[in-house]
Amino acid sequence: MPFTPSWRTPWQFFPAKLLKRLGRHGLWREQIRLLKLSAEAKRRLEWFIFYEQQAKNVSLTCRHFHIAPKTFYKWQKRFVETNLRTLEDHSKAPQKTRQPMITPLQEQRIVALRKQHIRWGKMKLCTIYQEAYGEPVSSWKIQYTVKKYRLYYNPAKTEKLAKARQRNQAKKRITELHRQPFPGFLIALDAIVKYGYGFKRYILTAIDAASKIAFARMYTAKSSRNAADFLKRIVYLLDDSVLNAQHDNGSEFHKEFIEACQKLKINQYWSRIRTPQDNAINERFNRTLQEEFIALGHFSPNPEIFNRDLTDWLVEYNFKRPHQTLGYQTPWAYYQKAAKVLPMSPS
């Protein structure tokens, strides 16, 4: 007998006795467990269960779960009790992605050359391509075509090695970290880019999530080597007590920066793509730096001059400026209460 889809709602598939025993809210929890939805979806479901149990009092619900009314109404509009998947986050991936700038004719030529010289690398094939067809081609286009058509001497072995490399480079997201409220447990890093006539400067910033001790330094290049240098400075500032580092997916936090983290035994955690709230604490410090220092006429494209003036401001920020989130203590005063005395040398 062929299967005919049922029009019935999800809870009608549960036996009547089970429905009566669990109740409407218990059935929601059972459904979300069977659907294996995320912890965020389960948390949002609890909002609406509590909301209904408290006579649909929005203010009480928001206070109980420490959420903004705007957030509650946003998810209330999305929530459909017959489809609990509506409690999941929507995809934040770009709808339009960059397309490869390679023509079919170029692909055809590269495939022919690669098959003829299966053991030659992309740079050699670049040279041969230009000699054969009288036009240059980038090594990236050759690499893209080789990967697309799996034009390897030993495809199975190459694929196996690529998968192993991908597993080794799997990024740990900051949402996986269970935060602890003590100095040095987590530092958040970011970069500010400043443009001008004939120059481009990068200000790397870092802040300790617990004590709010912060550090910043200008560089002329956004390289992993400079990021590694910056990391060593903030680690020294915090008396070599840093356990975890959080940052975005920028190129400066790869290569030599990863090597520096491994050498210093610091765990790396990456922010989710297009999710600035993952690194809200550093975003706020960046704003403070720009409003209370740069915007007041202290910017200079000369790193030596800028870093000298910035050091004076950082001393004031860490030692004299009261912070609301610390109960109007200074970061240094908070740190002294929570950890041993550390050497302060931001130069």
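The values are calculated or read from the model by the stated rules, or taken from the named source; none is laboratory data. Source: prediction; values computed, not measured. Neighbour counts are summed over all protein chains in view; Cβ atoms, including those assigned to glycine, are modelled from backbone coordinates with ideal geometry.
Observations
- Of all the listed residues (R201, R150, R98), the sole one being farther than 29 Å from Y269 by Cα and either outside the structural domain of L264 (by the TED database) or of a type outside the set (A, V, I, L, M) (or both) is R150.
- In region 163-180, of all residues being in a helix (DSSP H, G or I) and out of contact with any strand residue (DSSP E or B) (no Cβ under 8 Å at 6 or more places or on another chain), the one that is modelled with the lowest pLDDT corresponds to N168.
- Restricting A188, A206, A228, A210 to residues that are modelled with pLDDT under 95 and among the hydrophobic types (A, V, I, L, M, F, W, C) narrows the list to A210.
- Candidate set: region 15-65, residues that are surrounded by 15 or more Cβ atoms within 10 Å (Cβ to Cβ) and more than 30 Å from E176 (Cα to Cα); chosen: the one modelled with the lowest pLDDT: L19
- Elements of type helices (runs of 4 or more DSSP H) in region 212-311, at least 1 residues being surrounded by 15 or more Cβ atoms within 10 Å (Cβ to Cβ) and small (G, A, S): 224-237, 256-264
- Identity of the residue in region 255-280, of a type in the set (A, V, I, L, M, F, W, C) and under 13 Å from A245 (Cα atoms), that ends up nearest to the chain's Cα centre (by Cα): W270
- Just one residue in the set T220, T205 is in contact with a Phe, Trp or Tyr (Cβ under 7 Å, 6 or more places away or on another chain) and closer than 20 Å to H298 by Cβ; that residue is T205.
- Looking only at region 113-141, and only at residues there that are part of a helix (DSSP H, G or I) and of a type in the set (F, W, Y), the one that is farthest from N154 (Cα to Cα): Y133
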